1. Just give me the residues in segment 208-225 being touching a strand residue (DSSP E or B) at 6+ places or on another chain (Cβ under 7 Å) and outside any helix (DSSP H, G or I), in sequence order.
2. Has segment 181-188 got any residue that is part of a helix (DSSP H, G or I), under 24 Å from V338 (Cα atoms) and either in the same structural domain as S327 (by TED's automatic domain parsing) or in contact with a helix residue (DSSP H, G or I) (Cβ under 7 Å, 6 or more places away or on another chain) (or both)?
3. Among the candidates R178, R234, which residue alone is surrounded by fewer than 13 Cβ atoms within 10 Å (Cβ to Cβ), within 23 Å of G308 (Cα to Cα) and modelled with pLDDT of 65 or more?
4. Of the residues in segment 2-51, how many are under 41 Å from the mean Cα position of the chain (by Cα) and in contact (Cβ under 8 Å) with a residue 40 or more places away in the chain?
5. Can you tell me which residue among I82, I100 is over 20 Å from F17 (Cβ atoms), of a type outside the set (G, A, S) and at pLDDT below 90?
6. As an exercise: evaluate S81 against (1) touching a helix residue (DSSP H, G or I) at 6+ places or on another chain (Cβ under 8 Å); (2) over 17 Å from I44 (Cβ atoms); (3) outside the structural domain of Y37 (by TED's automatic domain parsing) and give the number of the one condition it does not meet.
7. Could you list, in sequence order, the residues of segment 337-363 that are of a type outside the set (D, E, K, R), in a loop (DSSP other than H, G, I, E, B) and at pLDDT below 85?
8. Working carefully through the options G262, G324, G334, G308, find the one that is surrounded by 15 or more Cβ atoms within 10 Å (Cβ to Cβ), modelled with pLDDT of 80 or more and either under 23 Å from M236 (Cβ atoms) or among the polar types (S, T, N, Q) (or both).
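The values are calculated or read from the model by the stated rules, or taken from the named source; none is laboratory data. This structure is a prediction, so every number in the text was calculated from the model and none was measured. Quick reminder, even Gly has a Cβ in these numbers, built from the backbone with ideal geometry, and neighbours come from all protein chains shown.
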Amino acid sequence: MMPKLRLYWTCQLLGWFSYTFIMWVLNELKGKELDVYLVSFLSISFSLGLLISHTYRELVLQLDWLNLKIVDLIPRVILTSILCGLAFFALHTFFFDILIVKQEVVLVTLDILQNTMSLSIIFVLWSLMYFLFHFIQNYRKEEIKNLRWQALSTEVELNKLKSQLNPHFIFNSMNSIRALVDENPEHSKDSITRLSNILRSSLLMGRQQVIPLREELQLVNDYLSLEKTRFEERLMVRYAIDEDTKEHKVPPMLLQTLVENGIKHGISKLAEGGTIEIRARKSGTNLKLIIENTGHCREETDREPGFGLLNSRQRLFLLYGENGSLSISNTETGTVMVEVTIPDKIKEIKVLKSNLEDKTDEL
């Protein structure tokens, strides 16, 4: 992208060169030959246009007109354009008619008004292009700020949701280990070691937005091992994981949360226990995760605030927008099925480089 100051001078030179070229064409159509006087006339026009418009621009920057509302800016632009047109006419008359041609100048009010208004229109057009460029630039800056705010708010929301996961996970795991302390001290020690490994992994995962499914499955496997210690034969676990799904990126602890939700609200409430099955397959570029557990879900369970399904839905929406989804339903075989769709890419908020917003050269 061309630096602003260079772009400004390029437009200035091209614009006033085009103006003098049009003046030369009009003189040619009138039958005037290109002599020293016409060259001087065009050179003075080009130089004065460049000088006056640049002075006008300095005035705009000094008075901070770029931050004015349109209703406040319009009368200032009109008045300044008239003054620039009058200054152009007066200086051009002095340099060309008096200094070069050396002819006596008779100023007629009507001629002054006509020439001034014609030149004022040129400066009004110059103003229109200049301020339009800046309005577009300001609009882009506001859009960048909005995108940055959106990205920041999304990150804050995700971090808040992640912060809810670890305490909840620790609480439930510690309950599982507490049940073992009196029954089987050696086994409880092994479970504490397993829990420490899980916590170490979860802390590392908390720094990432997404991780490979294989890492999430390892965490889930460790968690279910702890739960099997508590439930013993009341908990059966089955996996059906396609090999091509293991590198697909998923939100950390999303699967673990849903598995925990199935045990807490389903299997733990059944005297005979039950089975939890985890399936993963590809559907196009998306990953389909299915967590099916013995039990029955009520409609209001799906709307429980805080942790669980609501938390998982929020995380999916923040990361994938409408492309990610989570649904829960009762099956005819007496189980609850949670189906999750995870796209292959997270939702990207494209934020432009800061040097587009932080000016180096002010136009």
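1. Passing the criteria: V210, I211, P212.
2. Taking every residue of segment 181-188 in turn, none turns out to be part of a helix (DSSP H, G or I), under 24 Å from V338 (Cα atoms) and either in the same structural domain as S327 (by TED's automatic domain parsing) or in contact with a helix residue (DSSP H, G or I) (Cβ under 7 Å, 6 or more places away or on another chain) (or both).
3. On the way: R234 fails: surrounded by fewer than 13 Cβ atoms within 10 Å (Cβ to Cβ).
The match here is R178.
4. Counting residues in segment 2-51 that are under 41 Å from the mean Cα position of the chain (by Cα) and in contact (Cβ under 8 Å) with a residue 40 or more places away in the chain gives 9.
5. I100
6. For S81, the exception is condition (3).
7. I346, I349, V351, L352, T360, L363
8. It is G262.
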